[in-house]
Ligand code: GLU
């Protein structure tokens, strides 16, 4: 049997991180078994539908490098066929037309509320003949759900889950306006697409019982279900915006690498011993449903950062360059690849920068000093450090730099030490901090001694002179 999985998001305008994990698991499971991974857009809600929202999903999938097989399936496009299946179910005696008026349904609802029963429809049209149909009511089609006994789903994650059939309504599969309901469309699509395994959030477990009724009624094989516990936030509540970013594009924008995101999402609910770093090749080799956790995993931002730090540190410089070039263009309007000075300087500190950057954005911000041009601004922290009586220290550095032929990491460090002993009770930090603030406009950069070496004597003198003048004239510019 060829394994076929699917990812069927509703285009809501953003791709939730939980959906991304579902997509990843389905992709890994299919690829692990040499099967197919299909993408279907559940676009039947036309009031909310937009091509843009579909685009967001495709972008998310492409960024995460989860490639799907064949064309993207539109659920909406299959609506006529879904409606046909509803009518076929009537012909087979597995479904029936229901002519209840809204008032009758309201009465039934109230009665069910009073009696405290979970299903409300009293199945009155299940046995009535169509000749009794009232005038002017367009019927819906309802499935004949089993009345006695129980329905069991052998879920690969949740285990064997049983519900009593009397809790399952004769639910609607075709609305009175002729449109199929979600419950029907999902089953028909999954059947037509040959889906063998459904891995999805456990918020769909209740749907599985109803979907099984349709599979059985059509005489179709029910796919294997694996309902994944939902992702929780660090405080144990359902992962939502109040915890932080919840959509895939936000993580992309914050500078996470797709491979780090895949690794993190994989571990968020699946384990392989104590392994934390699991590159995709390994994930493809090892992924199985059995090792999916049964309880909800908590989203851990610090862990995601540490995984991203690992992937950045282990990426090649060429790869990172490609990844940061658009970010530089966006944030600093610089085409780094055609900027020889930048490329040369970056080459001298990339290893250092990448060894500790948590995100690509951090890498970009820490490398930005390489191409600052006068007059540049100072971030809040740098501004405060410089404003806090740093002029004497900067002047002393300036004078000593002037007397050197060429700056090196070591001679800048020595120079700072001597300035520290003259003006700062020997505290190197009291010299290095204003120097960093002055040369970079920030408080983040590679080692400032190395940074000064990379910038070179002339540029260091120019930047120091710019800052000293600004300070004297009280014109230091805050970013
Ligand atoms: N469209 C559903 C969702 O986005 C998925 C339904 C399913 O996996 O069966 O949650």
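The values are calculated or read from the model by the stated rules, or taken from the named source; none is laboratory data. Keep in mind that what you see is a predicted model, and the values were worked out from it rather than measured. A quick note on method: Cβ atoms are made from the backbone with ideal geometry, for glycine too, and the neighbour counts reach across all protein chains shown.
Only one of 83, 77 is in contact with a helix residue (DSSP H, G or I) (Cβ under 9 Å, 6 or more places away or on another chain), more than 12 Å from the ligand (Cβ to nearest atom), closer than 30 Å to residue 139 by Cα and not in a loop (DSSP other than H, G, I, E, B); which?
On inspection, the qualifying residue turns out to be 83.
For residue 461, only one of the following conditions fails: (1) part of a helix (DSSP H, G or I); (2) buried (at least 17 other Cβ atoms within 10 Å of the Cβ). What is its number?
Single failed check for residue 461: (2).
Say we look at the range 2-19 and pick out the residues that are more than 10 Å from the ligand (Cβ to nearest atom) and more than 16 Å from residue 230 (Cβ to Cβ); which of these is surrounded by the fewest Cβ atoms within 10 Å (Cβ to Cβ)?
Out of the qualifying residues, it is 2.
Report whether or not residue 169 is part of a loop (DSSP other than H, G, I, E, B), at pLDDT below 95, more than 16 Å from the ligand (Cβ to nearest atom) and surrounded by 17 or more Cβ atoms within 10 Å (Cβ to Cβ).
yes
In the range 305-372, which helices (runs of 4 or more DSSP H) lie fully inside it and hold 3 or more residues that are under 25 Å from residue 459 (Cα atoms) and more than 24 Å from the chain's Cα centre (by Cα)? I'd like the intermediate steps shown before the answer.
On the way: elements: 317-332, 340-354, 360-367.
Result: 340-354.
Could you grab me the full set of residues in the range 27-51 that are within 14 Å of the ligand (Cβ to nearest atom) and over 17 Å from residue 226 (Cα atoms)?
39, 40, 41, 42, 43, 44, 45, 48, 49, listed by residue number.
Please work out which one of (1) in contact with a strand residue (DSSP E or B) (Cβ under 8 Å, 6 or more places away or on another chain); (2) outside any helix (DSSP H, G or I); (3) free of Cβ contacts under 8 Å to residues at least 60 places away in the same chain is the condition residue 68 fails and give its number.
It fails just one condition, (3).
Could you go through the range 31-38 and let me know if any residue there is buried (at least 21 other Cβ atoms within 10 Å of the Cβ) and not in a helix (DSSP H, G or I).
Yes, because at least one residue in the range 31-38 is buried (at least 21 other Cβ atoms within 10 Å of the Cβ) and not in a helix (DSSP H, G or I).
For the list (1) at pLDDT 95 or above; (2) surrounded by fewer than 18 Cβ atoms within 10 Å (Cβ to Cβ), I need the number of the one condition that residue 85 fails.
Looking at each condition in turn, residue 85 falls short on (2).
If I ask for residues that are within 20 Å of residue 170 (Cβ to Cβ), out of contact with any helix residue (DSSP H, G or I) (no Cβ under 8 Å at 6 or more places or on another chain) and more than 9 Å from the ligand (Cβ to nearest atom), which ones from the range 206-228 would you list? I'd like the intermediate steps shown before the answer.
Filtering the range 206-228 down to residues within 20 Å of residue 170 (Cβ to Cβ) leaves 206-220, 222.
Right, trim to out of contact with any helix residue (DSSP H, G or I) (no Cβ under 8 Å at 6 or more places or on another chain) and you get 206, 208-209, 212-213, 216, 219.
Passing the criteria: 206, 209, 212, 213, 216, 219.
Looking at 475, 406 in this structure, which one is over 20 Å from residue 353 (Cα atoms), part of a loop (DSSP other than H, G, I, E, B) and modelled with pLDDT under 95?
Being over 20 Å from residue 353 (Cα atoms), part of a loop (DSSP other than H, G, I, E, B) and modelled with pLDDT under 95 holds for just one of 475, 406, which is 475.
Which condition breaks for residue 394 when tested against (1) surrounded by 15 or more Cβ atoms within 10 Å (Cβ to Cβ); (2) assigned to a loop (DSSP other than H, G, I, E, B)?
(2)
Working carefully through the options 478, 406, 427, find the one that is under 20 Å from residue 366 (Cα atoms) and surrounded by fewer than 19 Cβ atoms within 10 Å (Cβ to Cβ).
Working: 406 fails: under 20 Å from residue 366 (Cα atoms); 427 fails: under 20 Å from residue 366 (Cα atoms).
Just a single option satisfies the conditions, and that option is 478.
If we only count helices (runs of 4 or more DSSP H) wholly inside the range 178-268, which ones have 1 or more residues that are in contact with a strand residue (DSSP E or B) (Cβ under 8 Å, 6 or more places away or on another chain) and without any contact (Cβ under 8 Å) to a residue 60 or more places away in the chain?
The qualifying helices (runs of 4 or more DSSP H) are 182-192, 205-218.
Go through the residues of the range 232-244 one by one and say whether even a single one is within 21 Å of residue 7 (Cβ to Cβ) and over 14 Å from the mean Cα position of the chain (by Cα). Talk me through it step by step, then tell me what you get.
Step one: of the range 232-244, the residues within 21 Å of residue 7 (Cβ to Cβ) are 238-239.
Filter again for over 14 Å from the mean Cα position of the chain (by Cα), leaving 238.
There is at least one residue in the range 232-244 that is within 21 Å of residue 7 (Cβ to Cβ) and over 14 Å from the mean Cα position of the chain (by Cα).
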